[in-house]
Structure formats: C-alpha cells, structure tokens
Amino acid sequence: MNEPPQHTPMPMFEISHLVKEFNAVHAVHDVTTQISQGEVVFIVGPSGSGKSTLLRCLNLLEEPTSGEIRFKGELINASHADVNKFRQHVGMVFQHFNLFPHLTILENITIAPVKTGRATRKEATAQAEALLQRIGLYDKRHAYPLQLSGGQKQRIAIVRSLVMNPDVILFDEPTSALDPEMVGEVLSLMKELAKGGLTMVVVTHEIGFAREVATRIIFMDRGKIVEEGSPSQVIDHPSHPRLKEFFSKVL
Ligand code: ADP
Ligand code: MG
C-alpha cells in the first residue's frame, strides 16, 4: 500500500475564474483549477475548445481578460508583475518547434540561459552538450534546424526549455506536426521527464499517451472545464455525455 503523503504538494499554478475573450469569442470561460508541483496534467478536448488559449494564458502569451493566475502564490496577471522573470520559470514547447532557423542547435539551446544571465556561455554549453548526449543528438550540435527531422527538432525544442531549469513546461500539441514514425521518440522523452518529476501541462490528442503518463486529465469544451480527474475516471468512466462522444471518436 502507498504511504499517505506527508504534506500536500505546493500549488504551482492557481487559476481562478479565468476568462479570455477575443472580441465576441469566449475562448476560455470561467476556468478554475490548480496545478501542483510534480503533476503531469493533460488537457484534452475538441478543436476550438480553448486548450491552447488556456495554456498560453499560463505563461502570459495571452493576457487574460479577467480572473487570476497565481504562480507559486504570486499573482502574475497584474500590472506590477515581472513577466520576464516569471517566464524564465515556465518553459513552452510548441507544435511547430519555433527553433531559430539561423542559429545552430547548440546556439538555439544556449541563447536563452546566456541572454538572461542564468549561465555563462561556458556553463550553458556544457549543460547543452550533456543534454544533447542524453537524447542522442550530440553529433547534431553544429547543424541547423533545417538539417534535422521533425522529431529531432522537437526534442531539441524540449532540451531548449530544459536548459533553463524551469519549474514547469507547457506543451501545446508537441507531436501534431510530426510524421507518425517520429511521434514515439518525442513521447518517450516526455515520458522520461514526467518520470523524473518535472511538472508538465500537456495539450494533446494522444489519448493513449495521456492515459499512460497523466496524473490528471482536464477535459475542455467550449472554453470550460467539463470534467477533470484521473485518466481512468475521465477516459473510461466519464460522467458527461460530451466526453463519451469525444473519446468514441479519438480512441
Ligand atoms: P484549441 O486549442 O482547443 O483548439 P484555441 O484555444 O486555439 O482552441 O481557440 C479557442 C477559441 O478561441 C476558438 O474559437 C478560436 O477560434 C478562438 N481564438 C483563439 N485564438 C484567437 C485569436 N488570437 N484571435 C481570435 N480568436 C482566437
Ligand atoms: Mg490548440
């Protein structure tokens, strides 16, 4: 039997009554939830349900219309908040990798820690090289993104986040732009990070992967959280008919 937890994990994000409107569109509509340290939270739901917008609000790529987001207790969507400092703690991995095409792989990975003063060039390079060794792409360190496969580019994008030693990494459909044979290498790196205790928030349509890795699944529809819970609760025993319909199509 598992030991009862000694203490409740620290809340990383506390999201309360979050609203994001684009003109008349309620992309995110009154979302309240928490994400604790060490959690691997998957956000699933139909296209247009607000998953990306919610994720982008979490690192203030979108400015919430109303509501509150706290990061480690501090209100981040406030005029006095230090957005740049906060963003250094929150990694983001995009569907289309967003690597700098004119920089080598090594430069792509080291630019942020060096520019923000988190590490010297020497330190950042050593850390980048160690991470590249770990994912088997050390040989590519002087290559340019164009010379890499999609799966390799996405693993580099993940390493680029990791080198900042973030508290949490947000993933927005990290495998949706990949050829099927490259999905596995990205998912296995993500699984390794989850096992290592990294806090992760992942938007994906890879429901099998979510079932395997998620500590919690959030299902969104029309800007709202319709249901959240363990993978077995949400995928196998959903209480809301909308989920049954969704999973019957994607599984
Ligand atoms: P999902 O990621 O679940 O597919 P999104 O968060 O991208 O959904 O979008 C939610 C809704 O908000 C959609 O109706 C979408 O068209 C709208 N939306 C998202 N971003 C913008 C934007 N920058 N401008 C206008 N409407 C947007
Ligand atoms: Mg999206």
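The values are calculated or read from the model by the stated rules, or taken from the named source; none is laboratory data. None of these values were measured; they are calculated from a predicted model. Neighbour counts run over all protein chains shown; Cβ positions are idealised from the backbone, glycine included.
Condition (residue is without any contact (Cβ under 8 Å) to a residue 60 or more places away in the chain and within 13 Å of the chain's Cα centre (by Cα)) applied to the stretch 200-222: is it met by at least one residue?
Within the stretch 200-222, none of the residues are without any contact (Cβ under 8 Å) to a residue 60 or more places away in the chain and within 13 Å of the chain's Cα centre (by Cα).
Within the stretch 34-68, restricting attention to residues that are over 16 Å from residue 81 (Cβ atoms) and part of a strand (DSSP E or B), which residue is nearest to ligand 2 (Cβ to nearest atom)?
The qualifying residue nearest to ligand 2 (Cβ to nearest atom) is 43.
Restricting to the stretch 77-114, count the residues that are modelled with pLDDT of 95 or more and over 25 Å from residue 151 (Cα atoms).
Qualifying residue count, the stretch 77-114: 1.
One line per residue, one yes/no per condition, for (1) buried (at least 19 other Cβ atoms within 10 Å of the Cβ); (2) in a helix (DSSP H, G or I); (3) at positive phi:
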{"residue": "70", "(1), (2), (3)": "no, no, no"}
{"residue": "84", "(1), (2), (3)": "no, yes, no"}
{"residue": "100", "(1), (2), (3)": "no, no, no"}
{"residue": "106", "(1), (2), (3)": "yes, yes, no"}
{"residue": "139", "(1), (2), (3)": "no, yes, no"}
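Taking the conditions exactly as written (over 26 Å from residue 206 (Cβ atoms), within 16 Å of ligand 2 (Cβ to nearest atom) and of a type outside the set (A, V, I, L, M, F, W, C)), does residue 80 satisfy them or not? If you could, list the steps in order and put the result at the bottom.
Details: over 26 Å from residue 206 (Cβ atoms): yes; within 16 Å of ligand 2 (Cβ to nearest atom): no; of a type outside the set (A, V, I, L, M, F, W, C): yes.
No; evaluated as a whole, the condition is false for this residue.
Pairs only if they're at least six apart or on different chains, beta carbon under 8 angstrom, first in the stretch 44-56 and within 10 Å of residue 172 (Cβ to Cβ), second near ligand 2 (Cβ under 8 Å from one of its atoms); list them, first residue then second.
51/172; 51/203; 52/172; 52/173; 52/203; 55/172; 55/203; 56/172
So, residue 79, is that one surrounded by fewer than 16 Cβ atoms within 10 Å (Cβ to Cβ) and closer than 19 Å to residue 171 by Cβ or not? Write out each step before concluding.
Values: surrounded by fewer than 16 Cβ atoms within 10 Å (Cβ to Cβ): yes; closer than 19 Å to residue 171 by Cβ: no.
Spelling it out, it is not the case that residue 79 is surrounded by fewer than 16 Cβ atoms within 10 Å (Cβ to Cβ) and closer than 19 Å to residue 171 by Cβ.
Just the residues that are buried (at least 19 other Cβ atoms within 10 Å of the Cβ), of a type in the set (Asp, Glu) and assigned to a helix (DSSP H, G or I), please, taken from the stretch 192-251.
The answer is none; no residue qualifies.
Can you name the number of the only condition in (1) surrounded by fewer than 17 Cβ atoms within 10 Å (Cβ to Cβ); (2) in a helix (DSSP H, G or I); (3) more than 19 Å from the chain's Cα centre (by Cα) that residue 117 fails?
(2)
Given (1) within 18 Å of the chain's Cα centre (by Cα); (2) under 19 Å from residue 14 (Cβ atoms); (3) loosely packed, with under 14 Cβ neighbours inside 10 Å, where does residue 31 come up short, assuming only one miss?
(3)
I'd like to know if the stretch 21-42 contains one or more residues that are of a type in the set (Gly, Ala, Ser) and over 20 Å from residue 228 (Cα atoms). Let's see the steps before the verdict.
Keep residues of the stretch 21-42 that are of a type in the set (Gly, Ala, Ser), which gives 24, 27, 36, 38.
From what is left, the residues that are over 20 Å from residue 228 (Cα atoms) are 24.
Checked against the condition, which is being of a type in the set (Gly, Ala, Ser) and over 20 Å from residue 228 (Cα atoms), the stretch 21-42 yields at least one hit.
Among 177, 157, which is under 30 Å from residue 104 (Cα atoms), surrounded by fewer than 20 Cβ atoms within 10 Å (Cβ to Cβ) and among the hydrophobic types (A, V, I, L, M, F, W, C)?
177
Considering each residue of the stretch 168-215, count those that are under 18 Å from residue 95 (Cβ atoms), more than 13 Å from ligand 2 (Cβ to nearest atom) and of a type in the set (D, E, K, R), and give that number.
Residues flagged as under 18 Å from residue 95 (Cβ atoms), more than 13 Å from ligand 2 (Cβ to nearest atom) and of a type in the set (D, E, K, R) within the stretch 168-215 amount to 4.
Which of the residues spanning the stretch 18-39 are closer than 20 Å to residue 77 by Cβ, away from ligand 1 (no atom under 16 Å from the Cβ) and in contact with a Ser or Thr (Cβ under 8 Å, 6 or more places away or on another chain)? Step through it out loud before you land on a result.
Filtering the stretch 18-39 for residues closer than 20 Å to residue 77 by Cβ gives 18-23, 25-36.
Now drop any that are not away from ligand 1 (no atom under 16 Å from the Cβ), which leaves 32, 34-36.
Residues satisfying the conditions are 32, 35, 36.
Could you tell me which residue of the stretch 120-137 is nearest to ligand 2 (Cβ to nearest atom), considering only residues that are buried (at least 19 other Cβ atoms within 10 Å of the Cβ) and among the small types (Gly, Ala, Ser)?
In this case the residue turns out to be 128.
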